[in-house]
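Have a look at the structure below before the remarks.
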Amino acid sequence: MKKTNGQEIIQLFESWSPKKLAAMDNDPIGLHVGNLNKPVTKVLVTLDVNDVVVDEAIAAGCELIIAHHPPIFRKLSTLRTDTPQGQLFEKLIKNDIAVYAAHTNLDVAEDGVNDLLAEALGLQNYEVLVPTYSEEMFKLAVFVPVEHADQLRETLAKAGAGQIGNYDSCSYTLQGEGRFRALAGATPYTGEVGELHVEQEVKIEVVVPKSIKSKVLRAMLNSHPYEEPAYDVIPLYTTAKEMGLGRIGKLPSSMTLKQFAEHVKVSLQVPAVRVVGDLSSTVSKIAVLGGDGNKYIHAAKRAGADVYVTGDMYFHVAQDAEAIGLQIVDPGHHVESVMKVGVANKMQNLCQLQKLNCEFIPSKISTEPFQFV
């Protein structure tokens with residue numbers, strides 16, 4: 001395992017939760033406090049950054065905090081150390097702890113907040129509820145000698161090519177003859193300089209998202225036996241990788257709304273939920289959206305949800321949902337804390353793959369401000 005720094009850690013984080021996925025304008029994501037040009041051995045993963053969480057990071061010896069909720073959500077006009085917020089930043093700076101925030105980009109990302117919530121609720125075959133980002137796709141077609149086809153297919157799959165929905169390593173192969181003449185100065189893998197050569201080749205086709213196109217091409221060129229590989233990169237205007245807020249899927253088996261509300265309490269570890277709807281009704285198709293999901297009740301209804309699970313439901317929005325026949329379970333905003341363990345595990349696995357020596361610690365501090373009496 002090799003030592004790493006803050007820049008490498010955040011580069012790895014943004015490889016699966018990039019800033020471009022942010023679902024709101026001017027979302028204050030990125031580095032908020034400190035700097036990343038320093039060694040990092042321990043990272044605290046938290047929902048919020050408050051005084052107790054910073055004390056936790058200091059006690060654990062963390063050099064970096066990754067948070068879901070940005071500690072500076074609105075621009076500061078002053079930074080006074082005689083205010084609670086100013087004292088918080090002063091403590092972070094004095095202890096050389098950097099803070100990086102991933103907000104709506106982490107909501108949208110695969111394996112992010114909404115995927116973690118859907119998994120916690122046990123939803124099956126879930127999909128994006130509110131599309132916010134669509135990525136252009138390409139088809140890569142590359143010609144390679146038959147005996148190197150398996151190796152190249154494996155290389156392309158490891159680089160991320162050929163993923164379609166819940167399937168990876170997808171490719172299509174055609175066999176034929178390749179003809180070429182190596183000119184003076186060439187060092188051909190097969191055939192002789194100046195002579196026309198015929199080689200049994202296959203054409204391998206895979207789909208590639210735009211975001212990893214350069215990475216896939218580098219991997220292909222490094223793995224290919226030919227000095228000058230022949231390949232095509234073709235835009236697929238009718239195919240896009242769609243990502244977004246919320247998820248919608250089905251329960252393994254139907255239950256009453258009352259039973260489902262109890263299921264939410266247990267699955268998301270909350271003492272109480274607010275419910276809109278007929279508690280005796282049968283539900284099976286569930287929409288979930290972490291945080292404040294008031295503006296998406298109609299999206300949940302159009303998607304055919306029996307129940308919409310989201311936080312911070314307003315009184316009049318709850319009435320609107322009732323009017324359109326959409327049932328609601330509100331477990332509060334704090335259920336997004338599911339990201340603490342999820343992100344810590346994801347980053348730990350990524351670091352192990354890269355052989356980076358860094359420990360990710362999910363915060364044990366609850367930042368839920370409400371109590372139920």
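The values are calculated or read from the model by the stated rules, or taken from the named source; none is laboratory data. Bear in mind that the values here come from a model prediction, so they are computed numbers and not experimental data. Glycine also receives a Cβ, built like all others from the backbone with ideal geometry; neighbour counts cover every protein chain displayed. When the accessible area is computed, the model is the full protein with side chains, heavy atoms only, and any ligands, DNA or RNA have been set aside. Shrake-Rupley method; radii C 1.70, N 1.55, O 1.52, S 1.80 Å.
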Handout entry: For a label point 7 Å along the Cα-to-beta-carbon line of residue 141, residues of segment 204-225 with backbone N under 11 Å
Key = 204-206
Fill in the blank from the handout: In degrees rounded to 10, the 0-90 angle between helix 338-353 Cα long axis and the longest Cα principal axis of the chain is 30
Handout entry: the chain - mean residue ellipticity at 222 nm from DSSP helices (-39,500 (n - 2.57) per run, n ≥ 4, rounded to 500)
Key = -8000 deg cm²/dmol
Exercise for the section: Show 241, 340, 75, 355 ordered by accessible area, largest first, where the area counts protein heavy atoms only and the probe is 1.4 Å. Expected result: 75, 355, 241, 340
Exercise for the section: Calculate the tail of P(r) for segment 50-140: the fraction of all Cα-Cα distances greater than 19 Å, expressed in %. Expected result: 58
Exercise for the section: Sum up the lysine pairs in segment 263-355 that clear both bars: alpha-carbon distance under 25 Å and a spacing of 8 or more or different chains. Expected result: 9
Completion exercise
Judged on accessible area alone, 1.4 Å probe, highest first, 64, 116 line up as 116, 64
Fill in the blank from the handout: Under 5 Å from the placed amide H of residue 23, counting only residues 5+ away or on other chains, we find 104, 105
Exercise for the section: Pop a pseudo-label 7 angstrom from the Cα along the beta-carbon direction at both residue 195 and residue 236 and give the gap in nm to one decimal. Expected result: 4.0
Practice task
Please identify every one of the GluC sites (Glu not before Pro) in segment 85-150 that sits in a loop by DSSP and has no more than 16 other beta carbons within 10 Å of its own beta carbon.
Solution key: 110
Practice task
Leaving ligands, DNA and RNA out of it, work out the accessible area of residue 372 with a 1.4 Å probe and give it in Å² to the nearest 10.
Solution key: 130
Handout entry: Qualifying GluC sites (Glu not before Pro) for segment 171-265 [loop in DSSP, other Cβ within 10 Å: at most 14]
Key = 192, 195, 227
Fill in the blank from the handout: Taking a label point 7 Å from the Cα of residue 316 along Cα-to-Cβ, the residues of segment 290-308 whose backbone nitrogen sits under 15 Å from it are 294-295
Handout entry: Of all accessible heavy-atom area on the chain, the percent that carbon and sulfur account for (1.4 Å)
Key = 50
Practice task
Springs between alpha-carbon atoms under 10 Å, Gaussian network over the chain: tell me which of 222, 357, 125 tops the mean-square fluctuations.
Solution key: 222
Exercise for the section: State the label only: which of (i) 25.2, 87; (ii) 23.7, 81; (iii) 29.1, 98 corresponds to Rg and Dmax of the Cα atoms in Å computed from the shown model? Expected result: (i)
Completion exercise
So residue 35 and residue 366, fully extended at 0.36 nm per residue minus their Cα-Cα distance, gain in nm 116.5 nm
Handout entry: Assigned charges on the beta-carbon of Lys, Arg, Asp, Glu; segment 20-121 dipole about Cα centre (debye)
Key = 480
Exercise for the section: Provide the gained length on full extension for the span residue 255 to residue 302, in nm with one decimal, where the gain is 0.36 nm per separating residue minus the Cα-Cα distance. Expected result: 14.8 nm
Problem - Largest-first ordering by accessible area, 1.4 Å probe, given options 33, 193 - result: 193, 33
Practice task
Give me the accessible area of residue 313, 1.4 Å probe, in Å² rounded to the nearest 10.
Solution key: 10
Problem - Summed residue charge, Cβ within 14 Å of residue 193's Cβ, Lys/Arg positive, Asp/Glu negative - result: -3
Problem - Counting DSSP beta bridges with both ends in the chain, the antiparallel % (nearest 5) - result: 70
Handout entry: Candidate lysines - alpha carbon under 19 Å from residue 213, same-chain residues fewer than 8 apart omitted
Key = 19, 20, 139, 158, 203, 241
Exercise for the section: For segment 225-373, give the magnitude of the charge dipole about the Cα centre (Cβ charges: +1 Lys/Arg, -1 Asp/Glu; no others), in debye to the nearest 20. Expected result: 360
Fill in the blank from the handout: Against the 2.2 N^0.38 Å rule of thumb, the C-alpha Rg of segment 200-312 sits at a ratio of 1.73
Handout entry: Dipole magnitude (debye, nearest 20) for the chain, charges at Cβ of Lys, Arg, Asp, Glu
Key = 440
Fill in the blank from the handout: Sorted by chain and number, the residues with a modelled amide H under 5 Å from that of residue 121, at a separation of 5 or more or across chains, are none
Practice task
Using 0.36 nm per residue of separation minus the Cα-Cα distance, give me the extension gain between residue 82 and residue 284 in nm, one decimal.
Solution key: 67.5 nm
